[in-house]
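Notes follow the structure.
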Amino acid sequence: MTLTLPDGREVRPGKVLCIGRNYAAHVAEMGDVSEAEPVVFLKPSTALVPSGGEVVLPSQSDDVHHELELVAVIGTEAKNVSEADALEVVAGYALGLDLTARDLQAQAKAKKGPWSIAKGFDTFAPLGPITAASEVGDPQALEIALEVDGDERQRGTTDHMVFSVARVVSFLSSVFTLEPGDVVYTGTPEGVGRIEDGDTLRATGTGLEDLTVTVRRASR
Ligand code: MN
């Protein structure tokens, strides 16, 4: 999938960076504990699917969950950027879904192994159109919501993040060189739940373009 940045550049995302456990109420619903530093994992870029696209439920899982997230899109190469300067390297924001095979994730957690398979299937990272950061304004003052077939499943406000977008971007840049087109899924508020064959998922957010995808099960 190619992304169009707000300034018109077309880029292929190199990294899909994700933050876990970034809203206290979601940490609680998962029975997890909050961490002193952001919980980081990555998805392959082949997990991305644009709005209007189709999510494919893999045969390996019987319990795929939606996680509604604000996504920051990097516009400027950055390494070791300070928290104070971090938002300057964000070109824009979009709505995203961090789809998760919860059964496979539980197995991985039990084995103290990585979540790559549970989080990384093709189409497990729907990403909406990008709105320029200058139009969005304060990324900690946004309300985001998700409907499944018209029923609201998740609603959150980004001021409830444990680690702000600036903190997350700064932290990630202390490890990885951030490059234009890299995308950062910033964690989900509470209300995660199962998606099914035939569902239509629609995410909305303050000042952001809608993200809509349909769901089908892979043929076995
Ligand atoms: Mn997530």
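What follows is calculated from the coordinates using simple rules that are stated; it is not laboratory data. This structure is a prediction, so every number in the text was calculated from the model and none was measured. Counting neighbours? That spans all protein chains shown, and the Cβs are built from the backbone with ideal geometry, glycine included.
To keep it simple, each residue is scored yes or no on (1) β-branched (Val, Ile, Thr); (2) closer than 19 Å to residue 184 by Cα; (3) crowded, with 17+ Cβ neighbours inside 10 Å.
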site	(1), (2), (3)
4	yes, yes, no
9	no, yes, no
21	no, yes, yes
29	no, no, no
35	no, yes, no
38	no, yes, yes
43	no, yes, yes
52	no, no, no
56	yes, no, yes
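Residues of segment 135-159 that are touching a residue at least 40 places away in the same chain (Cβ under 8 Å) and over 18 Å from residue 97 (Cα atoms): 135, 136, 137, 141. Taken over segment 82-130, the criterion of being surrounded by 15 or more Cβ atoms within 10 Å (Cβ to Cβ), within 16 Å of the ligand (Cβ to nearest atom), farther than 16 Å from residue 53 by Cα and among the small types (Gly, Ala, Ser) is satisfied by 101, 108, 118, 120.
Whether a residue is part of a loop (DSSP other than H, G, I, E, B), within 17 Å of the chain's Cα centre (by Cα) and over 21 Å from residue 138 (Cα atoms) was assessed, and residue 14 passes this test.
Of the strands (runs of 3 or more DSSP E) lying entirely inside segment 131-217, the ones with 3 or more residues being more than 16 Å from the ligand (Cβ to nearest atom) are found at 143-148, 151-157, 200-205, 208-217.
What residue, among those in segment 58-77 that are away from the ligand (no atom under 16 Å from the Cβ) and crowded, with 23+ Cβ neighbours inside 10 Å, is farthest from the chain's Cα centre (by Cα)? For segment 58-77, the residue satisfying everything is 75. Do the conditions hold for residue 127, that is, is it under 14 Å from the mean Cα position of the chain (by Cα) and farther than 18 Å from residue 8 by Cα? Here the answer is no, as residue 127 does not meet what is asked. I need every pair where a residue in segment 85-105 that is touching a residue at least 60 places away in the same chain (Cβ under 8 Å) has its Cβ under 6 Å from the Cβ of a residue that is within 16 Å of the ligand (Cβ to nearest atom) and basic (Lys, Arg), sequence separation at least 6 or different chains. These pairs meet every condition: 100/119.
If you check 106, 36, 84, 91 for being among the small types (Gly, Ala, Ser) and part of a strand (DSSP E or B), only one passes: 91.
Restricting the first member to segment 8-34 and to residues that are in contact (Cβ under 8 Å) with a residue 24 or more places away in the chain and of a type in the set (D, E, K, R), and the second to residues that are near the ligand (Cβ under 10 Å from one of its atoms) and in a strand (DSSP E or B), the beta-carbon pairs closer than 7 Å and six or more apart or on different chains are 21/39. With respect to being touching a strand residue (DSSP E or B) at 6+ places or on another chain (Cβ under 6 Å) and not polar (S, T, N, Q), residue 167 falls outside the description. Within segment 175-191, the residues that satisfy the criterion of being over 16 Å from residue 76 (Cβ atoms) and either in contact with a helix residue (DSSP H, G or I) (Cβ under 7 Å, 6 or more places away or on another chain) or not aliphatic (A, V, I, L, M) (or both) are 185, 186, 187, 188, 189, 190, 191.
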